[in-house]
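To start, the structure itself, in structure tokens.
The values are calculated or read from the model by the stated rules, or taken from the named source; none is laboratory data. Computed from a prediction, not measured in an experiment: that's the story for all the values here. Ideal geometry is used to build each Cβ from the backbone, glycine not excepted, and the neighbour counts take in all protein chains shown. What goes into the accessible areas is simple: the full protein's heavy atoms, side chains included, and nothing from ligands, DNA or RNA. Shrake-Rupley method; radii C 1.70, N 1.55, O 1.52, S 1.80 Å.
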Amino acid sequence: MKLAILSFAHMHAHSYAQAITRQQGVELLGIWDDDHSRGKEAANTYRTVFYENLDSLLKTNIDAVIICSENVNHKPLVVQAAEHKKHILCEKPISTEIDDAKVMIEACKINNVILQMAYPVRFIPAVEAAIEKVQAGEIGDIIAINASNHGQMPGSWFVEKEKSGGGAATDHIVHIMDVVRVMLQAEAEAVYAYLDTLFYPIDVEDAGQVMIEMGKGTILNIDPSWSRPRTFPTWGDVLMEIVGTKGTISVDGFKDATIYYNDADCQVSHLPWGIDMDEALIRDFIDCLKTKREPTISGEDGLRTLEVVKAAYQANDESAFVKVLKEEV
């Protein structure tokens, strides 16, 4: 199986490339990037070919592409890849606008190609176990979920609204929202949000609280802030407390790590020893291609989480609960 990566704008491109090199029978055939120097450097690192022309790469015999561009470029890259009959794994969020997401989903349907979203948090063992226990009814009816997906402020194009679509809310609501949708088998109905810029001199929000009323009556609270300091031992966290009528489940998604106190470099870091969620995502995508099954995390899943993000921005602007509008696809 032959794969290509389109753009290394997003830092996850490197972990995906490393994961590809560890899979038997899978080849990273090429890389395209509109930043030629960045693309050439990545191609040298992963011992593959850099293509200056995207069409030239898409005309090769690759089976699929992984898109790790700036958020605003997801739509044109997905549509172009779909028109060349290439299956697609797209970095989150699916797009910056609802209408763009719908166009992407439709393009993949018309061209009969898979569109899978990059929500690797689904594959964290602690998250998988929590989903299983909730769906089995072990803690009863779910009353509330308090969750955070904190991160360090990523800088670069992530803080340029015209390229990213927004700040911390765009970046980090979607992971928790995706997990909760699967866990509860329910959709978000209404959203209230307070978003602000508190930590950094940037033009997008870096902090906030988002309260979501789920379809089955569960109240979900998400803190998506870029509030982790530069000295934090990893990029962020995935924390959840799921409160049911029969019990409570606490999830720490990144707990499977050794803490390394490095005096030489004056640095503290996590050395993870658990499952690599990015590699699990790549393995799942490859299995999806091989077995020709439906994607584990579909384009529609991406659309549903984006709808919540958009409702959060509206709720923040209006200081009111906002209904989540669900688009037909």
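Some notes on this structure:
- Among 80, 19, 129 - extreme Cα towards positive end, dipole of region 1-141, charges at beta-carbon: 19
- Protein-only accessible surface order, largest first, of 163, 323 at 1.4 Å: 323, 163
- Across region 36-64, the residues whose backbone nitrogen lies under 11 Å from the label position 7 Å along the beta-carbon direction of residue 23 are 63-64.
- By definition, a body whose alpha carbon gyration tensor gives a ≥ b ≥ c is rounded when a/c is under 1.5, and the chain falls into this rounded group.
- Placing R0 at 45 angstrom, the Cβ-Cβ distance between residue 323 and residue 152 gives a FRET efficiency of 0.85 after rounding to 0.05.
- Stretching the chain fully between residue 260 and residue 61 yields a gain of 67.3 nm (0.36 nm per residue, less the alpha carbon separation).
- Fully extended contour minus Cα-Cα distance, from residue 273 to residue 221, at 0.36 nm per residue: 15.8 nm
- Ordering 224, 240, 61 by Cα displacement along the dipole of the chain toward the positive end leaves 61 in first place; charges were set at the Cβ atoms of Lys, Arg (+1) and Asp, Glu (-1).
- In this Cβ point-charge picture (+1 for Lys and Arg, -1 for Asp and Glu), the chain has a dipole of about 900 debye about its Cα centre.
- Average accessible area per residue (Å²) across region 28-179 - probe 1.4 Å, nucleic acids and ligands excluded: 37 Å²
- In this structure, the amide hydrogen of residue 27, modeled 1.01 Å from its nitrogen in the peptide plane, lies closer than 5 angstrom to those of 2, 3, counting only residues at least 5 positions away or on a different chain.
- For region 251-268, 3J(HN,Hα) per residue [Karplus equation, 6.51 cos²θ - 1.76 cosθ + 1.60, θ = phi - 60°, Hz, x = Gly/Pro]: 10, 10, x, 10, 6, 6, 7, 9, 8, 10, 9, 9, 5, 4, 9, 6, 9, 10
- Protein accessible area in the chain, 1.4 Å probe - carbon and sulfur %: 49 percent
- Residues 194, 119, sorted by accessible area with the largest first, give 194, 119 [1.4 Å probe; ligands and nucleic acids excluded].
- Of 267, 80, 23, the residue with the greatest mean-square motion in the GNM of the chain, using alpha carbon springs below 10 Å, is 267.
- Among 298, 164, 56, the largest mean-square fluctuation in a Gaussian network model of the chain (Cα springs under 10 Å) belongs to 56.
- Rounded to the nearest 20, the Cβ-based charge dipole of region 162-318 about its Cα centre (Lys and Arg +1, Asp and Glu -1) stands at 500 debye.
- Accessible surface ranking for 29, 239, 198, 1.4 angstrom probe, highest first: 198, 239, 29.
- Here the simple spin-label model places points 7 Å from the Cα toward Cβ, and for residue 250 and residue 112 these points are separated by 5.2 nm.
- Pairs of Cα atoms nearer than 8 Å and 6+ residues apart set the relative contact order; for region 6-111 it is 24 percent.
- Loop-located GluC sites (Glu not before Pro) in region 6-88 (DSSP state not H, G, I, E or B) with no more than 15 neighbouring Cβ atoms inside 10 Å: 52.
- DSSP-loop trypsin sites (Lys or Arg not before Pro) across region 16-81, with at most 13 other Cβ within 10 angstrom: 22, 47, 59
- Projecting label points 7 angstrom from Cα along Cα→Cβ for residue 45 and residue 98 puts them 3.7 nm apart.
- Taking θ as phi - 60° and the Karplus parameters 6.51, -1.76 and 1.60, the scalar couplings of region 42-59 work out to 5, 4, 5, 4, 9, 6, 9, 9, 8, 10, 6, 9, 5, 4, 4, 5, 5, 8 Hz in sequence order, x denoting glycine and proline.
- Here the 3J(HN,Hα) profile of region 107-116, calculated from phi with Karplus coefficients 6.51, -1.76 and 1.60 at θ = phi - 60°, is 4, 6, 5, 4, 8, 6, 10, 6, 10, 10 Hz, Gly and Pro shown as x.
- Overall form of region 1-129 per C-alpha gyration tensor (a/c, 1.5; a/b vs b/c): rounded
- DSSP-assigned coil residues among trypsin sites (Lys or Arg not before Pro) in region 220-260, each with at most 12 further Cβ atoms within 10 Å: 230, 246
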